[in-house]
Structures are given as C-alpha cells and as structure tokens.
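Just below is one structure, and these are the notes that go with it.
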Amino acid sequence: MIKAEWFYWLVGLSFLVMAGQMFTDRSNAKRRGTAAFWGLIGVGFIYSSWVVNGRAPAEPLGVAVLVMVLLAGCGLTGRGTPRTTTPAERTAHAARFGSRLFVPALTIPVVALVCAVGVARLRIGGAPILQEGSETILGLGIGAVVALVVAMVMLREKSLSVPVSSGRSMLESMGWAMLLPQMLATLGAIFQVSGVGTQVGKITTAVLPDNSLYIAVVVYCLGMFLFTLIMGNAFAAFPVMTAAVGWPVLVEHFHGNAPAVLALGMLAGFCGTLVTPMAANFNIVPAALLELKDQYGPIKAQLPTAGVLLGCNIVIMALFAF
Amino acid sequence: MIVLLGVLVVVIGFATKRHPLLVVGAAGIVAGLLGGLSPREVLAAFGKGFADSRSVTIFAITLPVIGLLERYGLQEQARNLIARFAKLTTGRFLALYLGMRQIGAALGLTDVFGHAQTVRPLAAPMAEGAAERRHGTLTDAARERIRSCAAAADNVGRFFGEDVFLAVGSILLITGFVNTTYGTHLEPLHLALWAIPTAVCAFVVHGWRMLRLDRQLERELRAAGGSTGGDRPTETTHPTGHAGNATAAEATE
C-alpha cells in the first residue's frame, strides 16, 4: 500500500537537501538562518510521522516550530540570487521544445485524476493500493514524481540538482509564507481547545432577538462569515454557529429544511474564507507563488464576489429553506 | 470571555502589520495559556498542529518539476499558445478556467488544479499572454491585477464547486457533526444538492466580473499608456515580459 507518510518524508527530505544548498549559497547574506529555517521544517515533516502515530512526544516539535517562527519573524531568513536561465534563453528553449513543455506540466493533473478515479478503487490482495482517505494527496505526490521523471527524460537533464535548485529558488522566494498555513491550522486547534468557539456561540445567542426568522437567517450566515474570517476556516466556524443558531433556532424553532440551512450556512462561511489572510494557503501563499508585490492581491480580487455570494446564500436560505 | 484576547492579538497584529508568523505564534501562546493549558501543553499543541496539518504544504512536492520546466520556458510557451487563440481574451480565459475548476471540484477532483500545479505555471501566464496580445505592454499594476484574478478564479471555482461533490470534507463534516450531535440521519446527497444554487450564482457572478476585467484593463492601460508610453525596455517584447517583471520584483525585496 502506498502511504501518505512516504510523500511527507519525500517533502521533508527535499527540504533538507535544499537547506544544504541554501547553507552553501554565498549569494544569500542570511544563508545560515535560511538553511536553519528550512532544515527544521524538513526534520519536522519527518519527525511528525511519529507524533501522528503517538510514538514520539509532540513537545520537541513544538519547540522547533517556535524556533522557525522566531527565525522568520525576526528577519533572519533571506534569499540568494537564483541561478537560472535568462529570458532570452527561455524564449529559445520555448521555441525549441514548443508545446512538448506542457506534457510534464499536465502529467501532474492527469496522474492525480487517474489516481482519484481509477487507482483509488484498485486493491491488491484485499488491501487498497492507495492509503484510504489520502487518495488526492497521493495523486498529487505521485503525479509530481512521474512528471519530474518525464521532464528530465524529455529535456535530457541528467543532474537531479537542477530541479532541486529550481525548486529551492521558489521556496526562498515564497519564504515564511510557506509555513503560515500550518501555523494557522495550529492556531485554530488551540482556539478550539481553549474555548474561543464556546464564547463566540454565547455572544451570538445573546445578540439574537426572538421570533424573527429573517434576522436569525442573517445572524447565522453573517456569523459563519465573520467567525470564518477570524479562524481562517469554515470548518472551525460551522460547529460553533450551528450549535448556537443554525440547529436550535433555524431548524428546530422555525422548522427549516435541515440540509438547505446547513449547506448554505457552510457556503456562507466559504465566502469568509475568500477574504481573510488567515486562510493563508488560499490567499497568501498564491500571492507569494505568483511573486505579487501586494500580498493581499488575491483577497482584493475576491472581495466583491465574496460579498455578493454571501448575499446570495442569505437570500436563497430565506426564500427556499422554510 | 478572557480567551477572546487571543483573537484580539490576531486582529491587532494583522491590523498593525506585524510579521504574520509572530502574530500567530503569540496568539496561540496567549489563547492557550488563558484557556487553561500548561506551557508544556501549549508546546505540544504547536507540535501536534504542525504534524496534523502537513497536507497543506504537500504541494511543495511539485516545485522542483515546475521550477525545472520554467527554466526551459514553460511560462513563455504558455503565452505563445494562448496567442494563437485570438478570441480568448484574459477575461474569457479566466471565466473558462473558473468553470473548469468548478466542474473538476464538483467531480471530487479538488487537487487536480491548484495554485502551484496549474495557476503559476499555466493559468497566470496564459491570462497575461492574452492581455499582452490585446493591449501590448502591460504595466506592473495590470500584471499584478491579472495574476491576482487568476488566483481568485482558482479559489472561487474550488470553494463553490467542491460542495456539490458528496464525499468532500465539508459535506462529511456537516453530516458527521449534525448526525452525532442531534441524532438525525442527514444524507450527503441532499446537502450536495443544496450547494448547487450557490455554485451557479458563483459562476455567474465571478464569471461576469472576469468578463468585465477585459474592459477595465483596456481603460486602465489606455490611461497609463499616455503617460508611461513604451519606454520599459525589459517589457517591450512579450515573451520576456514576465521574466523582466520577476527580476524587478526580486530587486525590490
């Protein structure tokens, strides 16, 4: 069986190799801090496997995470001068290889697709080939490995250090933004155990007037939206707002159609995901990936759509769910 | 009530533009300690949170191959390709991408598209290429705008497509939470059906905004064209445009 953990080890290992390259890169004035930051993430990725299955304590990893935060937060990480091709060389390569360049790029989505719809159902000796519940991650991982092989054969690139150092340049240019999504997921979990959700639920119930269906609909949707803004994740907001308003008021008291109320409530939360920097993997990481100067560029592009769709969810729920 | 100070740390931190990692780290420590965790438990929470959330960083596995292909001119070729389809403007291309992303997500293929694997190497350069063919040289502001819109098309398509698929996390979360808490028997199918109206709204609203983008770009670039003209040596020929901009971005960091 192909396990998701293998790909986490592969990612960890490539971070470690890249950290080695960063350490020896004299063009980076902050090469030690940069190498330490990515090296720690690499070790953390591998060590995490034993944290997840409960065989190793989580505290050392927590210390490492806080060290990463301090390294990046205090400006001890930087980037070297990428050793890559010039624009003229790229144009020449593009003319030479033409649309064959798309073959490896499209290999990733195609393999991911095949894994998700085909390989996921295959079994060898009763056991699934792909670890259950991780098929999409595995598809992406297998797709990336296959695409790398295809690309190296097609481009006649012999040395593995070329793609590794290309990937490292991208990592260095994204910098700390790469770690932010995992930090925010952690923060969401800490908020949950320390009772932030319960408090927000209490406040919501307190501001809700009795016997007004339409106000209750607005409070539920707006609550999902705002709480998702804070948590960066509609999944964290859903149980809180549903326990406070969605179920007791909208479904039980006003006899709403439960699937409609709950599905639209979740989608109202997704509108919040579109406009919060706390959803860093959707909003901040792409800004870094696309080398935008304005890290809020994607959020600004999404803001009007999110506002209109929040209104749509409220109207659809008010009109059709009761 | 005092645990809400953790939320306050986040809001103030982001509002005053402190380093996001420091803000989130501090907020986690504050919320954890005020919520009754011991310092040791706070450390364990950070460690466990990192371990459990590695899947959001797994896209890093695609970076070496994407980086290698970009060395060999993948983005330039994406621009060349889009230049052959004269009718495909930036807005129409992004609306098409939005639709494909929604349909893909609705079929459960959320990770087939994505910012690292399709937006950066393909969708963003194609959207820029289409704009360059139509408007000539792009200003930095227009380039940023187009790239932001490419990222936005991916997010909107994903969010408002995935809930139409039965086995997606959010649908399973709803049924799991409600069925165990309130003892009901909600079917994922009914929830997924109720996601369709919003999915249609999302395509209409965001698709319309993308189509309007063409006119906005035209207006902005015409206004900018009068003052800055064509005197940007790194961006005068279109295949080198992106690379020129990337070096400019690096220089300003």
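Coordinate-derived values only; no laboratory data. Predicted, not measured: the structure shown is a model, and the values here were computed from it. Here the Cβ positions follow ideal geometry from the backbone for every residue, glycine too, while neighbour counts run over all protein chains shown.
Which whole number gives the average count of other chain Cβ atoms within 10 Å of the Cβ atoms across peptide A:104-113?
Details: counts 7, 12, 4, 1, 12, 9, 1, 1, 7, 5.
Going residue by residue through A:104-113 and averaging, the value is 6.
Rank-order B:127-135, B:39-47 by packing density, defined as the average count of other C-beta atoms within 10 Å over each peptide's residues, highest first. Provide the component values of the computation, followed by the final result.
Values: B:127-135: 23.8, B:39-47: 21.2.
Highest to lowest by the protection proxy: B:127-135, B:39-47.
Could you state the number of Å between the C-alpha centres of the stretch A:53-86 and the stretch A:136-192?
Result: 15 Å between the Cα centres.
Got a sec? Charge dipole of the protein assembly as shown, +1 on Cβ for Lys and Arg, -1 for Asp and Glu; which of B:Q75, A:V11, A:G42 is way out at the positive end?
Of the candidates, B:Q75 comes out farthest on the positive side.
Just checking the output field for B:197-203: average partner chain Cβ neighbours within 10 Å of each residue's Cβ? Could you put the intermediate results ahead of the total?
On the way: counts 11, 12, 2, 1, 9, 8, 0.
Whole-number average of other-chain Cβ neighbours for B:197-203 is 6.
Once you put a point 7 Å from the Cα of B:V56 and another 7 Å from the Cα of A:L160, both along the Cβ direction, what distance in nm separates them?
Once both label points are built, they end up 3.0 nm from each other.
Compute the acute angle (0 to 90°) between the alpha-carbon long axis of helix A:161-174 and the principal axis of greatest extent of the alpha-carbon atoms of chain A; round to the nearest 10°.
So the helix axis and the longest Cα principal axis differ by about 40 degrees.
Take every residue in peptide A:277-285, count the Cβ atoms of other chains within 10 Å of its Cβ, and give the average of those counts.
Working: counts 4, 4, 2, 3, 7, 8, 3, 1, 6.
Neighbouring Cβ atoms belonging to other protein chains average 4 per residue here.
By the scheme Lys and Arg +1, Asp and Glu -1, what is the net charge of all other residues having a beta-carbon under 14 Å from that of A:A260? Don't skip to the end; give the middle numbers.
Values: positive: none; negative: B:D163, B:E187.
Spelling it out: positives minus negatives among the neighbours equals -2.
Please name whichever of A:P277, B:T90, B:F59 sits farthest to the positive end of the charge dipole of the protein assembly as shown, dipole taken about the Cα centre and charges placed at Cβ: Lys and Arg +1, Asp and Glu -1.
The one lying farthest along the dipole's positive direction is B:T90.
Could you pull the Cα extents of the protein assembly as shown along its three principal axes, largest to smallest, in whole Å?
Per principal axis, max minus min of the Cα coordinates gives 68, 57, 53 Å.
Report the local net charge at A:E5: Lys and Arg +1, Asp and Glu -1, summed over other residues whose C-beta lies under 14 Å from its C-beta. Show your work: numbers first, answer last.
Details: positive: A:K3, A:R55, B:R54; negative: A:E132, B:D52.
My count for the surroundings of A:E5 gives +1.
On a 0 to 90 degree scale, rounded to 10, what angle separates helix B:196-228 from the longest Cα axis of chain B?
Tilt relative to chain B: about 40 degrees.
In what sequence do B:S55, A:S27, A:S48 fall when counting other Cβ within 10 Å, fewest first? Each step should come with its number before you reach the end.
Values: B:S55 19, A:S27 11, A:S48 24.
In increasing order of surrounding Cβ atoms, one gets A:S27, B:S55, A:S48.
Please tell me which of these pairs span more than 32 angstrom C-alpha to C-alpha: A:K202/A:K293; A:K158/B:K87; B:K17/B:K48; A:K158/A:K300; A:K158/A:K293? Kindly include the intermediate steps, with their values, before the conclusion.
Working: A:K202/A:K293 40 Å; A:K158/B:K87 40 Å; B:K17/B:K48 27 Å; A:K158/A:K300 43 Å; A:K158/A:K293 35 Å.
Too far apart for the 32 Å limit: A:K202/A:K293; A:K158/B:K87; A:K158/A:K300; A:K158/A:K293.
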